[in-house]
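Handing you this structure, nothing more for now.
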Amino acid sequence: MDEKNTFEKIDENYEGEKQEKVLILHGFSNKQTHEFIRHYKAHKDLPKVIFASTTSTSENMKVKELIKELVKEHSEIKSKS
């Protein structure tokens, strides 16, 4: 399966709804995180993602629940701007 097909497969959940892409960083310093995000955003050909860093709370969550929470928070932030 090529990369494009992989992204198309990830984009659909079991109900066929489009999902957000989430990139979760773990073990990076604040400086490294900001630098990574800056470099990532500089590459306009990369997909748009929701960036997140792990926290003591998120480390104990199931990935599916964490992603749901991140998408919800992202939607709330976008609706306020």
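Considering only segment 35-52, state which residues are charged (D, E, K, R) and either open to solvent by less than 100 Å² (accessible area, probe 1.4 Å) or in contact with a helix residue (DSSP H, G or I) (Cβ under 8 Å, 6 or more places away or on another chain) (or both).
The answer is Glu35, and nothing else.
Okay, next question. If I filter segment 53-68 down to residues being in a helix (DSSP H, G or I) and in contact with a helix residue (DSSP H, G or I) (Cβ under 8 Å, 6 or more places away or on another chain), which single residue comes out as surrounded by the fewest Cβ atoms within 10 Å (Cβ to Cβ)?
Ser58
Where residues in segment 22-38 are within 13 Å of the chain's Cα centre (by Cα) and not β-branched (Val, Ile, Thr), which of them is nearest to Val49 (Cα to Cα)?
Leu23
Please enumerate the residues belonging to segment 7-25 that are surrounded by 11 or more Cβ atoms within 10 Å (Cβ to Cβ) and either modelled with pLDDT of 95 or more or within 21 Å of Lys72 (Cβ to Cβ) (or both).
Scanning segment 7-25 gives Ile10, Asp11, Glu12, Gln19, Glu20, Lys21, Val22, Leu23, Ile24, Leu25.
Which residue, of Lys78, Lys48, Lys72, is modelled with pLDDT under 95, among the charged types (D, E, K, R) and under 14 Å from Leu23 (Cβ atoms)?
Within the list Lys78, Lys48, Lys72, the selection yields Lys48.
Out of all the residues in segment 17-66, which are touching a residue at least 24 places away in the same chain (Cβ under 8 Å), out of contact with any Leu (no Cβ under 8 Å at 6 or more places or on another chain) and hydrophobic (A, V, I, L, M, F, W, C)?
Result: Leu23, Leu25, Phe28, Leu66.
The values are calculated or read from the model by the stated rules, or taken from the named source; none is laboratory data. Here the structure is a predicted model, which means the values were calculated and not measured. Don't worry about glycine lacking a Cβ; one is built from the backbone with ideal geometry, like all the others, and counts go over all protein chains shown. Each accessible area value is taken on the protein alone, full model and side chains, heavy atoms only, with ligands, DNA and RNA left out. Shrake-Rupley method; radii C 1.70, N 1.55, O 1.52, S 1.80 Å.
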